[in-house]
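For reference, the structure discussed in these notes is given below.
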Amino acid sequence: MPSYMVTAINVGSFNLGEADRVLSIFTAERGLIKAIAKGARKPGTKMAGRSDILCVNELLLSKGRTFEIITQAQTVDSFPKLRTDLSRLSYGLFYAELTNAFSQGLEDDPKAYLDFLMNALQQLSNSELSPIHLSLNFQLKLLEFLGVKPELTFCIYCREVLHDYNLSKFNVELGGIVCTACFQQGRQSQVSEHHPDHDELEHEHGMLSRGVHITPLVWKTIILADAGSVAESSNKAPVVVSEQAQRLIQAYVEHKAGKRLKSLDLLGKFKDLNNSKQSAES
Ligand SMILES: [Zn+2]
């Protein structure tokens, strides 16, 4: 049976049979693979720990019929610190979910992506910087890897340079920000009379008036996170602005993935719980 070595991170799993687990692993050599970790659900076995989500292993794989089979495993990193902080861990799980969702687009240079992901998880686990801002930076870099990064400095329609005073909507379908002038043009064409010859143009103009309003603070937060100035953006942006920026970029990422991403839902629920507790106490 032909065997081969890979360096891989666990980004998902499901149970198989009595005691086995099928892992989704993103490998430096071949991108995303599914592989069976035999006996991984028996408590106390080494394979149980090594099959944990976000664990990085050197694996010896042999070819299987449906899934590859893990025959040897050696852990490289398991980010233990990340597992002690629910908020940071949730962002780590979000990175894993993103890797799964976009794995096909990352297969050109899987090693570069794995290095980038491991580096991002190290940062998430060891730095004091806000996980929201780290994740904004991660998502924008991921979109760059995929070649679908949103346009952040020019109006997506007329190419006018964006400033604090001419921002209007962030439009996920168009892939960027629409300036105030284009937004107004879109609004006007919606109320003007319908011309049968101009269907396409009207459709295009109709698009310009859609999207989520973007404030100058949210815009600057995204620009700073994109430029890698994560420290600066975390220090400057109030929490509510950071959360708006995260929601906006996540909505764009979900549009590209064609599905909802759920890893951060739990965090939102905890936050709602804390807020209602605080207001009940005060
Ligand atoms: Zn414009």
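Throughout, read-outs are computed from the coordinates displayed, never taken from laboratory work. The structure displayed is predicted, hence computed values, not measured ones. Please note: Cβ atoms are built from the backbone with ideal geometry, for glycine as well, and neighbour counts cover all protein chains shown.
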Inter-site label distance for LYS111 and ILE223 at 7 Å from Cα along Cβ, in nm: 3.7
Cβ-placed point charges (K, R +1; D, E -1), dipole of region 79-282 about Cα centre in debye, nearest 20: 880
Size of electric dipole in region 62-133: Cβ of Lys, Arg +1 and of Asp, Glu -1, about Cα centre, debye, nearest 20: 280
Longest DSSP-loop-exposure-free segment, trypsin sites (Lys or Arg not before Pro), the chain, at most 15 other Cβ within 10 Å: 82-158
For ALA40, distant residues with modelled amide H under 5 Å away: ARG21
Under 13 Å, Cβ to Cβ, from ALA40 - net charge with Lys/Arg +1 and Asp/Glu -1: +3
Point-to-point label distance, ARG260-GLU128, nm (Cα→Cβ direction, 7 Å offset): 3.7
Spin-label pair TYR165/ALA181, simplified geometry with 7 Å Cα→Cβ offset, distance in nm: 1.4
Helical mean residue ellipticity (222 nm; -39500 (n - 2.57) per DSSP H run of 4+; nearest 500) of the chain: -14500 deg cm²/dmol
Full-extension gain in nm, SER276 to ARG65, via 0.36 nm per residue minus C-alpha separation: 70.8 nm
Rounded to whole Hz, the Karplus (6.51, -1.76, 1.60) HN-Hα couplings of region 115-128, x for glycine and proline: 4, 4, 5, 5, 4, 5, 6, 4, 4, 4, 7, 9, 8, 8
22 Å Cα-Cα threshold exceeded, pairs from LYS42/LYS262; LYS141/LYS220; LYS34/LYS141; LYS141/LYS256: LYS42/LYS262; LYS34/LYS141
